[in-house]
Amino acid sequence: MYQANGKPTIFGDFVLLLVSIMINSLGNALTVSLNLGSAMWTASAVNLSHLFPVSLGNMLLLEGVAVVAVNAVLLHHADWHRMLGNFCFMIPFSYLVSGLAALMVRSSINSLPLIPRVLLDIVGIMLIAAGISIYQRINLILHPNDDLMQIIRFRFLHGNAILAQLVAYATPITIIIITLIVKHTIWAVNIGTLVALIFQGSFIATSDKWVFRKLKHQRL
């Protein structure tokens, strides 16, 4: 899948993109089904799906559409190729997460003792970070939420993944707080969310170094 110079081939890019989407979807579905805390954007979508009569898959899609608009503002123009890529990514991704989560809820995963479930939730957060790391380095198409982090990281923060992730999380944190104020209840926020908030940027930076080590950031 790599050329002689170490760069992936176009076929290799697509294979790694599919692998990364599956890894990320699995991680998100795992955290949603365990209900011990999801990654920030997923947690905000879960809370919005309880606030409004909209399924999780549709809410993930609507949230992504809003972030596409924010990204265009940050870039100071509408990059239609980039935006089309965002939609090509998030439409199947949104429903893949929703479908996998529904399947996992029907399994016996929630009958496990608390400590194994917490560990599995953290594994889910790490899988999300690994998936993000792979497709951000390929940079062929991105989920708009991760495109937002990529824009902040390389246009404003000199490539700092940890700080960029924290800045990008300001929006889902605000959504969760508003939902809590309105409904007086919070969903999908637990120890896993705290781990994601504090460590996901570090997990992404670590994955950049250790997951498919030859893969470098492209098309920036």
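The values are calculated or read from the model by the stated rules, or taken from the named source; none is laboratory data. The structure presented is a predicted model; accordingly, all values stated were derived computationally and were not measured. Ideal geometry is used to build each Cβ from the backbone, glycine not excepted, and the neighbour counts take in all protein chains shown. Side chains are part of the model used for accessible areas, which takes the heavy atoms of the whole protein and leaves out ligands, DNA and RNA. Shrake-Rupley method; radii C 1.70, N 1.55, O 1.52, S 1.80 Å.
Listed by position, the helices (runs of 4 or more DSSP H) enclosed by region 103-220 that each have at least 2 residues that are loosely packed, with under 12 Cβ neighbours inside 10 Å are 114-138, 170-183, 191-210. The sole residue among 96, 112 that is more than 16 Å from residue 189 (Cβ to Cβ), more than 14 Å from the chain's Cα centre (by Cα) and modelled with pLDDT under 95 is 112.
Residues in region 21-46 that are among the polar types (S, T, N, Q), surrounded by fewer than 24 Cβ atoms within 10 Å (Cβ to Cβ) and either in a helix (DSSP H, G or I) or free of Cβ contacts under 8 Å to residues at least 40 places away in the same chain (or both): 25, 33. Scanning region 66-92 for residues that are part of a helix (DSSP H, G or I) and in contact with a helix residue (DSSP H, G or I) (Cβ under 6 Å, 6 or more places away or on another chain) yields a count of 7.
Within region 4-13, not a single residue is open to solvent by less than 60 Å² (accessible area, probe 1.4 Å) and modelled with pLDDT of 90 or more.
From the residues in region 68-94 that are open to solvent by 10 Å² or more (accessible area, probe 1.4 Å) and among the β-branched types (Val, Ile, Thr), which one is farthest from residue 22 (Cα to Cα)?
For region 68-94, the residue satisfying everything is 73.
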